[in-house]
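This report concerns only the one structure given below.
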Amino acid sequence: MSDIRIHISNKTYVLAHDTAQFHHAIADLDFIVHPHQFVCLVGPSGCGKTTLLNMIAGLDQHYQGRIDMGQTDKVPSIGYVFQNPRLLPWLSVRQNIEVVFAHTPPTRLIDSLLDSMQLRDAQHQYPERLSLGMQRRVAIIRAFAINPDILLMDEPFVSLDAPTARQVRSLLYSLWLQRPHTVLFVTHDLREAIALADRLIFLSPSPMRVLSDIAVSIARDQRHEESRIELFREQLLQNHPEINGLL
């Protein structure tokens, strides 16, 4: 996997087809993501973060600019964890994971991922019997299972209560350490971003652009210490006043 180079010179929406009203969503957005980096995108609601992920995933191709995955011989595989878990209600947990495979699903891999996310005992249950936190864990497994070159995650822990979010975040972090992927993770939670990321990219209100690109200097084996997270957060807000209005 090579660097992901993103340059979006313009992304505009038509607000109403019967008028000439437009919304300028993104302008002159530039950044690079290195292989196996965990990058958190932080910005205000409605600034275009989900739109950007959809553009990277190829779901939205109506923009001016270029997204270069650095691959010349093949199209990189992309896993996507949406805000909504998007589980198929007529399939069990295990079947919702197996559905992403065109051929025989890898039993041992799926077993390992179920164990990592503490879902082995729930593998034959249907989504309606699962808590939201469990549904989100299934969605994470489904994205990891294909061993993607790039993993896109759009606020995967939104609407979870704080203890559940911490648990699922910890499980995700452990899984990523076992199987590092290039990750672009959208969040509005600065503490969550600091706990997970190698880099924090702060995005402005629309038209969206990069305001700050900051490395997280806390050692990986110290990310579980809330005092270190809070100290880094306080120093970040003090040293970068331009991001205060985004949170």
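The values are calculated or read from the model by the stated rules, or taken from the named source; none is laboratory data. Nothing here was measured: the structure is a model prediction, and the numbers come from that model. Methodologically, a virtual Cβ is constructed for each residue, glycine included, from the backbone with ideal geometry; neighbour enumeration extends over all protein chains shown.
Checking the condition in contact (Cβ under 8 Å) with a residue 24 or more places away in the chain, over 30 Å from ILE218 (Cβ atoms) and not charged (D, E, K, R), which residue from GLN64, GLN21, GLN37 passes? First the steps, then the outcome.
Working: GLN21 fails: in contact (Cβ under 8 Å) with a residue 24 or more places away in the chain; GLN37 fails: over 30 Å from ILE218 (Cβ atoms).
Within the list GLN64, GLN21, GLN37, the selection yields GLN64.
Given the structure, is PRO207 closer than 30 Å to TYR13 by Cα, surrounded by fewer than 22 Cβ atoms within 10 Å (Cβ to Cβ), touching a His at 6+ places or on another chain (Cβ under 8 Å) and at pLDDT below 95?
It is true that PRO207 is closer than 30 Å to TYR13 by Cα, surrounded by fewer than 22 Cβ atoms within 10 Å (Cβ to Cβ), touching a His at 6+ places or on another chain (Cβ under 8 Å) and at pLDDT below 95.
Hey, any hits in the range 130-145 for a residue that's closer than 20 Å to LEU200 by Cβ and not small (Gly, Ala, Ser)?
no
Pick out the one residue from PRO156, PRO180 that is in contact with a strand residue (DSSP E or B) (Cβ under 7 Å, 6 or more places away or on another chain) and either in a loop (DSSP other than H, G, I, E, B) or of a type in the set (Lys, Arg) (or both).
Exactly one residue qualifies, and that residue is PRO156.
Please go through the range 110-128 and give me each residue that is in contact (Cβ under 8 Å) with a residue 24 or more places away in the chain and within 12 Å of LEU175 (Cβ to Cβ), ordered by number.
LEU113, LEU114, SER116, MET117, GLN118, LEU119
Can you run down the residue pairs with Cβ atoms below 8 Å, 6 or more apart or on separate chains, where the first is in the range 87-98 and surrounded by fewer than 18 Cβ atoms within 10 Å (Cβ to Cβ) and the partner is part of a loop (DSSP other than H, G, I, E, B)?
Listed pairs, sorted by first residue: LEU88/VAL99; PRO89/TYR126; TRP90/TYR126; LEU91/VAL99; LEU91/TYR126; GLN95/LEU88; GLU98/PRO105.
Could you grab me the full set of residues in the range 129-176 that are farther than 23 Å from HIS34 by Cα and either charged (D, E, K, R) or free of Cβ contacts under 8 Å to residues at least 12 places away in the same chain (or both)?
The answer is ARG129, ARG136, ARG137, ARG142, ASP161, ALA162, PRO163, ARG166.
Using the structure shown, decide if HIS103 is touching a residue at least 24 places away in the same chain (Cβ under 8 Å), more than 17 Å from THR187 (Cα to Cα) and surrounded by fewer than 16 Cβ atoms within 10 Å (Cβ to Cβ). Working first, answer last.
Working: touching a residue at least 24 places away in the same chain (Cβ under 8 Å): no; more than 17 Å from THR187 (Cα to Cα): yes; surrounded by fewer than 16 Cβ atoms within 10 Å (Cβ to Cβ): yes.
No: the conditions fail for HIS103.
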